[in-house]
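Engineer: Here's a structure for you.
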Amino acid sequence: MFRTMIYKRAINLKEEQELFLTIHNLLSEQKLGALATHSQGEPWASLIAFAASDNLDSIYFATPKTTRKYSNLLNDPRCSLLIDNRENLASDFSNSIAVTATGVIKELDKSEKSAALQLFLNKHPYLETFTQSPTCAFICLQVNRYNLVRRFQEVMEYHPGL
Amino acid sequence: MDIIPLSALNKSHRQLIGGKGYALGQLISLGYNVPPGFCVTTLVYDQFLDQTGLRDLITLELNRKNMGEMRWEEIWDTALRIRNLFLRMPFPANLKEVFKAHCDHYFQTDSVVVRSSACDEDSAGSSFAGLHESYVNLRGFDAIIKHIQLVWASLWSDRALLYRRELGLEVEYSAMAVIVQRLVLSDVSGIAFSRNPNNPEQTIIEAVHGLNQGLVDGSIEPDRWLLNRSTGNLLKHIPVERTRYMVCTDNGITLAPLPPDKAKTAPLNAEQVNQLFQLAYNLEQQFDLPQDIEWTLSNNQLFILQSRPVTAKKANSAEDKRGWYLSLTRSFDNLQQLHHVIVNELLPAMASEAKRLDDYDLDQLSDHELAIEIDKRRIIYQHWHDVYWDEFIPFAHGVRLFGEFYNDSLNPSDPAEFILLLNSSDMISVKRNQQLAELAVEVKQNPELKAALERQDYFAAVCEPFIQQLDAFLKEFSGLAWGTEICFSDQSKTIKHILQLASKALVEKDKVTDQKNQQMQDHFLSHFQGEQLKFALQLLELARVSYKIRDDDNIYLGRIESQVIKATELAKNRLAAKGDPDSQLRNANELIALLSNPGQVPKTKHKKRKNKQPSGKLKARQIIGQPAVAGLSSGIARVVLTSDDLFDFKAGEILVCTAIDPNMTFVVPLAAAIVECRGGMLIHGAIIAREYGIPCVTGIPLATSRISTGDKVTVDGYLGIVTLDK
């Protein structure tokens, strides 16, 4: 019984590690994701450029302050972000993976953002001028949960930091 | 493979060394005398782009807007921003080392020439030579490196971008090779066409004293020899008046007066002409195609600088204005000549034309005579309109030339920073705006006057001195047309505008601007010494004059246009008095016809001015343009399409218009932000908004139809985004 538990735990760990790496790789490879916000129940989706922290507990993105997504996030900081690697082919149903990150955002001020901004600009160096604009907000999505969908309908959940 | 000596270039390098590099390699292998040097292959360009991340930045720049929708000024802006990106990008250390070794080996402290060698630019099928840059007389590693970056940047020059589709310019695939060669100190230089493009029986040789840059850029007229292509017999020598030649300075080249003994002598003697004919003949045989050759003579030694197939120039269709755009790029010298003509001949002629027309008493004319007068005035206006396009717009290149010089010298993070140095307080529009501001201050400081003006009690005693000043103002500035209407012809509209101005605090702006401009000028000039300082000052002066004239010429043209309007307005009133219900809507042709044939029954086929009507289904929420002036402002939009819209403008509104011309800049101080359909950092709207520090986004072609008066709008001048609130 004890041996079975250890064995199960070992399998879980292996799976967990594999899941972590799958998500990590996807988030490293992909440059863009679809951000879901809402305004008083009215849904809104926006394509954004992002970068994730190495431990996956944070995802960073930048947005002009005049946008709807920004005003939605000011009203409700909860949001989700869909990242996938589909190629618009029939094989996507079996081969592509999609991750939904869910959490709460926080706008980073000057003192908080330097390391995160560097991480973001390493991935998107062409957005430097954009992020320097005083009208551009730099945002951290503190991720509570990742949902990974692959092989058509297999869904796994991963909680960073737990 | 990254950097290859010219003497080692061969066919296997073809894809990496560009057309010029390939031709030079072949010339050397055939035993011709070519100045020594090396070719920086396209592999180095690719490494530079990939190591610095420039490729992605160029992609972003090029895709900000559909190139097909851009005006030439916007294309120039794009090219200038890309040029700045190349200049500001630190050179990767590994690449620098490779360059250093080659420069030290080949040149030490010798002067060099850095030349573009784009792929296919010199091939038989294309005629795009001259779209990219070359630099002459550079010394030292840093100068060479900097100019290699500039040559790379010229792959994306405005001229190249105009022909982007034909050139197949793509960020992913296009690359530029660069030739670095020892400079030959030329006694005489020139070009040769083994076959005259206009006469297949002839060979042409052209020659000038000194370096050949003066000939190539068109600033020096060459002596020309026409020869029989079959026999080499001289058919004709066409000498010219030789006054100047291109010589080396400490770090570059300049045009200098030609010494009298040289001025008297043709650059080539008969023997040299024959030698060049033989050269052209041999090259054509060896390359199997008629050749266009650049050559130079130094101490009687003949060097070949370039040889490429002769290409027939593609004829531009009437709609294709690119040939005209290309002609806008003028040399400093050419611009100075143009300046002389504009200031001493054209502007005075325009001013006296406007005055002559204004003095002419239209009321004494019969209807028939008035019709003739309208037609005359239209022709006069068309003439000056053509002069405007052919002479004044090219002169505006002085500003561009200065902009590039400023950016090359100071390397600013904002490629448009130089614009602030151009302001000149003696421009007509600036004077007008200052006088309006002074009148507004007077109203602001005198509540009694303000109250009287608000209740339109213009005859109140308190108004008397103000009204006198206003009349003087209207007399000075009433002849300014905007669109099809004359501004400042109506006293009460002008007072309404002044009351709006008085509701804002505007007084201190000019002093602050003047101080800032002086500081900028000092900072700019502190980068130069001696001859360079002199040149910098001359170029700044030229740019200021160029900018001032670019502004004033609109006003002068507006004055002539207003004389056409004056005559047509009189015609409309006469027809209205005779009972024509549509008189106010008639165009000049109809007015002329109706005045000339009183019996003609007026048709009522006129369409009313098209009102912009959003379809109701499509609503822009966020529009992207060019960030012209940084800042963020929100307010109610006023779309200005007519003179009435201008005078209805309220302080704090967002000005949305097709293009701000100098005749309407008086509303700018009232605006919280500006959105303009026309794009380009040198357009009036952008410049005046910069002076007033008003957020401005330009280059949104459909701004006036996507935004309606009354919309709540947020203008982000940092990012070039205009957001329409729900």
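The values are calculated or read from the model by the stated rules, or taken from the named source; none is laboratory data. All values reported here derive from a predicted model rather than from experimental measurement. All Cβ positions, glycine included, derive from the backbone under ideal geometry; neighbour counts span all protein chains shown.
Engineer: Any residue that is among the basic types (Lys, Arg), touching a residue at least 60 places away in the same chain (Cβ under 8 Å) and farther than 25 Å from residue B:111 by Cα - is there at least one of those in the range B:190-202?
Structural biologist: From the range B:190-202, those among the basic types (Lys, Arg) are B:195; that's our starting set.
This time we only want the ones that are touching a residue at least 60 places away in the same chain (Cβ under 8 Å), so: B:195.
Okay, now just the ones that are also farther than 25 Å from residue B:111 by Cα, so B:195.
There is at least one residue in the range B:190-202 that is among the basic types (Lys, Arg), touching a residue at least 60 places away in the same chain (Cβ under 8 Å) and farther than 25 Å from residue B:111 by Cα.
Engineer: Considering every residue within the range B:32-49, establish whether at least one is within 27 Å of the chain's Cα centre (by Cα), at pLDDT 90 or above and of a type in the set (Val, Ile, Thr).
Structural biologist: Of the range B:32-49, the ones within 27 Å of the chain's Cα centre (by Cα) are none.
No, there is no match, as no residue in the range B:32-49 is within 27 Å of the chain's Cα centre (by Cα), at pLDDT 90 or above and of a type in the set (Val, Ile, Thr).
Engineer: Among the numbered criteria (1) farther than 14 Å from residue B:206 by Cα; (2) assigned to a helix (DSSP H, G or I), which single criterion is violated by residue B:276?
Structural biologist: (1)
Engineer: Can you name the number of the only condition in (1) among the β-branched types (Val, Ile, Thr); (2) within 20 Å of residue A:131 (Cα to Cα); (3) touching a residue at least 60 places away in the same chain (Cβ under 8 Å) that residue A:23 fails?
Structural biologist: Every condition holds for residue A:23 apart from (2).
Engineer: What pairs come out if I take residues in the range B:275-300 that are surrounded by fewer than 20 Cβ atoms within 10 Å (Cβ to Cβ) and pair them with residues that are part of a helix (DSSP H, G or I) whose C-beta lies under 8 Å away, six or more apart or interchain?
Structural biologist: B:287/B:26; B:294/B:216
Engineer: Now for a different question. Of the residues A:123, A:69, A:110, A:106, only one is in contact with a Ser or Thr (Cβ under 7 Å, 6 or more places away or on another chain) and among the charged types (D, E, K, R); which? Can you show your working first?
Structural biologist: Details: A:123 fails: in contact with a Ser or Thr (Cβ under 7 Å, 6 or more places away or on another chain); A:110 fails: in contact with a Ser or Thr (Cβ under 7 Å, 6 or more places away or on another chain); A:106 fails: in contact with a Ser or Thr (Cβ under 7 Å, 6 or more places away or on another chain).
Answer to the check: A:69.
Engineer: Mind telling me which of the residues B:207, B:177 ends up being hydrophobic (A, V, I, L, M, F, W, C) and more than 18 Å from residue B:133 (Cα to Cα)? Explain how you work it out, then say what you get.
Structural biologist: Working: B:177 fails: more than 18 Å from residue B:133 (Cα to Cα).
The conditions single out B:207.
Engineer: For the range A:63-108, give me each residue that is part of a loop (DSSP other than H, G, I, E, B), away from chain B (no Cβ under 14 Å) and hydroxyl-bearing (Ser, Thr, Tyr). Let's see the steps before the verdict.
Structural biologist: Applying the first criterion (part of a loop (DSSP other than H, G, I, E, B)) to the range A:63-108 yields A:65-67, A:76-77, A:85-91, A:96-97, A:108.
Subsequent filtering for residues that are away from chain B (no Cβ under 14 Å) retains A:76-77, A:85-91, A:96-97, A:108.
Answer for the range A:63-108, where residues must be part of a loop (DSSP other than H, G, I, E, B), away from chain B (no Cβ under 14 Å) and hydroxyl-bearing (Ser, Thr, Tyr): A:91, A:96.
Engineer: Could you count how many residues in the range B:52-62 are more than 11 Å from chain A (Cβ to nearest Cβ) and more than 20 Å from the chain's Cα centre (by Cα)?
Structural biologist: Here is the first cut: in the range B:52-62, the residues more than 11 Å from chain A (Cβ to nearest Cβ) are B:62.
When the remaining residues are screened for being more than 20 Å from the chain's Cα centre (by Cα), the result is none.
The number of residues fulfilling the criteria is 0.
Engineer: So which of B:666, B:647 ends up being surrounded by 24 or more Cβ atoms within 10 Å (Cβ to Cβ) and either more than 24 Å from residue B:417 (Cα to Cα) or not polar (S, T, N, Q) (or both)? Steps first, please.
Structural biologist: Details: B:647 fails: surrounded by 24 or more Cβ atoms within 10 Å (Cβ to Cβ).
Selected residue: B:666, the only one of B:666, B:647 that is surrounded by 24 or more Cβ atoms within 10 Å (Cβ to Cβ) and either more than 24 Å from residue B:417 (Cα to Cα) or not polar (S, T, N, Q) (or both).
Conditions (1) in contact with a Lys or Arg (Cβ under 9 Å, 6 or more places away or on another chain); (2) within 14 Å of residue A:59 (Cβ to Cβ); (3) surrounded by fewer than 16 Cβ atoms within 10 Å (Cβ to Cβ), marked per residue:
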position	(1), (2), (3)
A:81	no, yes, no
A:88	no, no, yes
A:98	yes, no, no
A:117	no, yes, no
A:122	no, no, yes
A:132	no, no, yes
A:140	yes, yes, no
A:150	no, no, no
A:155	no, no, yes
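Engineer: So, one more: Counting just the residues of the range A:41-62 that are polar (S, T, N, Q) and away from every other protein chain (no Cβ under 14 Å), which one comes out nearest to residue A:107 (Cα to Cα)? Full working, then the answer.
Structural biologist: So in the range A:41-62, the residues polar (S, T, N, Q) come out as A:46, A:53, A:55, A:58.
Subsequent filtering for residues that are away from every other protein chain (no Cβ under 14 Å) retains A:53, A:55, A:58.
Details: A:53: 16, A:55: 20, A:58: 12 Å.
This residue is A:58.
Yes/no matrix, rows are residues, columns are (1) touching a residue at least 60 places away in the same chain (Cβ under 8 Å); (2) surrounded by 21 or more Cβ atoms within 10 Å (Cβ to Cβ); (3) in a helix (DSSP H, G or I); (4) of a type outside the set (Asp, Glu):
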position	(1), (2), (3), (4)
B:16	yes, yes, yes, yes
B:59	yes, no, yes, yes
B:73	yes, yes, yes, no
B:100	no, no, yes, yes
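Engineer: Find the residue count for the range B:164-194, including only residues that are outside any loop (DSSP other than H, G, I, E, B), touching a strand residue (DSSP E or B) at 6+ places or on another chain (Cβ under 9 Å) and farther than 30 Å from residue B:272 by Cα. Working first, answer last.
Structural biologist: Taking the range B:164-194 as the starting set, the residues that turn out to be outside any loop (DSSP other than H, G, I, E, B) are B:164-167, B:176-182, B:188-193.
Remaining after also requiring touching a strand residue (DSSP E or B) at 6+ places or on another chain (Cβ under 9 Å): B:167, B:176-182, B:188-193.
Now narrow it down to the ones that are farther than 30 Å from residue B:272 by Cα: B:167, B:176-178.
So the answer is 4.
Engineer: Residue by residue through the range B:674-719, note down the ones that are within 12 Å of chain A (Cβ to nearest Cβ), surrounded by 24 or more Cβ atoms within 10 Å (Cβ to Cβ) and not charged (D, E, K, R).
Structural biologist: If the condition is that a residue be within 12 Å of chain A (Cβ to nearest Cβ), surrounded by 24 or more Cβ atoms within 10 Å (Cβ to Cβ) and not charged (D, E, K, R), then B:695, B:697, B:713, B:715, B:717 are the ones that fit.
Engineer: Please go through the range B:182-193 and give me each residue that is closer than 17 Å to residue B:6 by Cβ and either aliphatic (A, V, I, L, M) or buried (at least 24 other Cβ atoms within 10 Å of the Cβ) (or both), ordered by number.
Structural biologist: Taking the range B:182-193 as the starting set, the residues that turn out to be closer than 17 Å to residue B:6 by Cβ are B:182-184.
Answer for the range B:182-193, where residues must be closer than 17 Å to residue B:6 by Cβ and either aliphatic (A, V, I, L, M) or buried (at least 24 other Cβ atoms within 10 Å of the Cβ) (or both): B:183, B:184.
Engineer: I would also like to ask the following. In this structure, is residue B:73 farther than 27 Å from residue B:181 by Cβ and more than 14 Å from chain A (Cβ to nearest Cβ)?
Structural biologist: Numbers: farther than 27 Å from residue B:181 by Cβ: yes; more than 14 Å from chain A (Cβ to nearest Cβ): yes.
Yes, satisfied.
Engineer: Given the condition over 27 Å from the mean Cα position of the chain (by Cα) and not in a helix (DSSP H, G or I), answer yes or no: does some residue in the range B:352-362 qualify?
Structural biologist: yes
Engineer: From B:20, B:11, which residue is more than 14 Å from chain A (Cβ to nearest Cβ), crowded, with 21+ Cβ neighbours inside 10 Å and among the basic types (Lys, Arg)? Talk me through it step by step, then tell me what you get.
Structural biologist: On the way: B:11 fails: crowded, with 21+ Cβ neighbours inside 10 Å.
Only one candidate qualifies: B:20.
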